[in-house]
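Novice: My structure is below; once you've seen it, I'll send some questions.
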Amino acid sequence: MDKFLRNNHGLFLAYDQGFEHGPSDFNAKNVDPAYILDIAKKSGVFTGVIFQKGIAERYYPRSKKQEAKSNDLPPLIIKLNGKTAFHVGEEPFAPLLCSVDEALGLGASGVGYTVYVGSEREAEMTETFGRVVRECNQKGIPTIGWFYLRGEHIINPHDPEKLAYAARLALELGADAVKLQFTLGDNQDQDIKNLGWIIQNAGKCKVFISGGSKIPDDQVLQLAKVVKAAGAAGMAVGRNIWQRPNPVEFAKQIAKILFD
């Protein structure tokens with residue numbers, strides 16, 4: 001995971017939401033993946049950028065002629081699975097859509113894979129994730145698990161104890177890092193304590209916190225402070241950067257908290 005860290009922390013620019021949410025997240029600017037890469041270049045603070053395979057194939061430089069252009073881009077993480085927003089009411093399931101070899105061929109330095117912890121179809125996703133981890137270990141690249149609490153067996157997707165279980169599951173399955181949806185409460189000290197317990201359960205599996213849907217500036221920065229204070233590896237932020245009118249400047253504010 002060292003390639004994705006700076007001062008032992010990481011900040012990922014996430015842009016896999018188009019597959020999951022459709023055009024509802026986009027405006028005339030951020031619908032263009034080239035705009036996202038421009039944010040990454042101009043800010044210079046991201047330690048990874050997250051794409052699905054189609055975006056990576058068409059926008060992330062990977063040929064020898066393009067190598068000079070990619071020098072100022074963060075390393076690529078390709079999301080291997082996903083689901084659309086149409087299956088409301090069904091148990092969440094994200095099938096494998098891209099192989100590890102395909103991701104490597106597109107220039108990926110790491111891969112991501114979602115497991116919906118608590119779904120009736122959880123076992124299918126953990127079985128596939130186990131195979132992905134095995135392949136990544138053989139190829140020498142890190143595996144990052146999106147371990148989200150969803151499905152029939154989850155009442156509160158923000159329950160710290162169940163998030164700790166998800167973090168532990170990622171460690172037990174061999175993930176190098178886990179991406180979790182942690183939300184702030186009313187007490188900062190309690191937030192740090194809760195997240196600290198989650199991180200303890202993850203062991204040597206590094207914990208990244210998702211930025212989620214767009215929230216006010218001060219809440220994002222507060223989340224970054226809790227992430228840093230609790231000892232998490234970093235954050236994966238998408239909409240809370242590229243949906244803003246000042247994405248480059250705001251990314252630098254988050255980075256200052258995480259890296260300094």
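Bear in mind these aren't lab numbers, they're just calculated from the coordinates by the rules spelled out. What you are looking at is a predicted structure, and each value in this text was computed from that prediction instead of being measured. As a convention, Cβ positions derive from the backbone with ideal geometry for all residues, glycine included, and neighbour counts pool all protein chains shown.
Novice: Reachable aspartates and glutamates from Lys214, Cα under 14 Å, same-chain residues fewer than 8 places away excluded?
Specialist: Partners within reach: Asp25.
Novice: Which ³J(HN,Hα) values in Hz, rounded to whole numbers, follow from the phi angles of the range 214-225 under the Karplus curve 6.51 cos²θ - 1.76 cosθ + 1.60, where θ = phi - 60° and Gly and Pro get x?
Specialist: 5, 10, x, 3, 5, 6, 5, 5, 5, 4, 4, 5
Novice: State the Cα centre-to-centre distance between the range 230-260 and the range 165-194 in whole Å.
Specialist: One Cα centre to the other: 18 Å.
Novice: According to the Kirkwood expression over distinct Cα-Cα pairs, how big is the hydrodynamic radius of the range 2-259, in Å?
Specialist: Here the Kirkwood hydrodynamic radius works out to 18.3 Å.
Novice: If you build the convex hull over the alpha carbons only and average its shadow over all orientations, what do you get for the range 99-165? Give it in nm² to one decimal.
Specialist: 4.8
Novice: Now a separate question. Within the set Lys79/Lys139; Lys83/Lys162; Lys139/Lys162; Lys225/Lys252; Lys53/Lys252; Lys53/Lys225, which residue pairs have Cα atoms separated by over 25 Å?
Specialist: Over 25 Å Cα-Cα: Lys139/Lys162; Lys53/Lys252; Lys53/Lys225.
Novice: Please compute the length gained on full extension between Lys83 and Thr183, using 0.36 nm multiplied by the number of residues separating them and subtracting their Cα-Cα distance.
Specialist: 33.7 nm
Novice: Could you give the length gained on full extension between Lys252 and Glu120, defined as 0.36 nm per residue of separation minus the Cα-Cα distance, in nm?
Specialist: Using 0.36 nm per residue and subtracting the Cα-Cα distance, I get 43.5 nm.
Novice: Report, in deg cm²/dmol and to the nearest 500, the calculated mean residue ellipticity at 222 nm for the chain, where each DSSP H run with n ≥ 4 adds -39500 (n - 2.57) and the sum is divided by the residue count.
Specialist: Mean residue ellipticity, 222 nm, calculated: -12500 deg cm²/dmol.
Novice: Sort Lys228, Lys193 so that the residue with the fewest other Cβ atoms within 10 Å of its own Cβ comes first and the one with the most comes last.
Specialist: In increasing order of surrounding Cβ atoms, one gets Lys193, Lys228.
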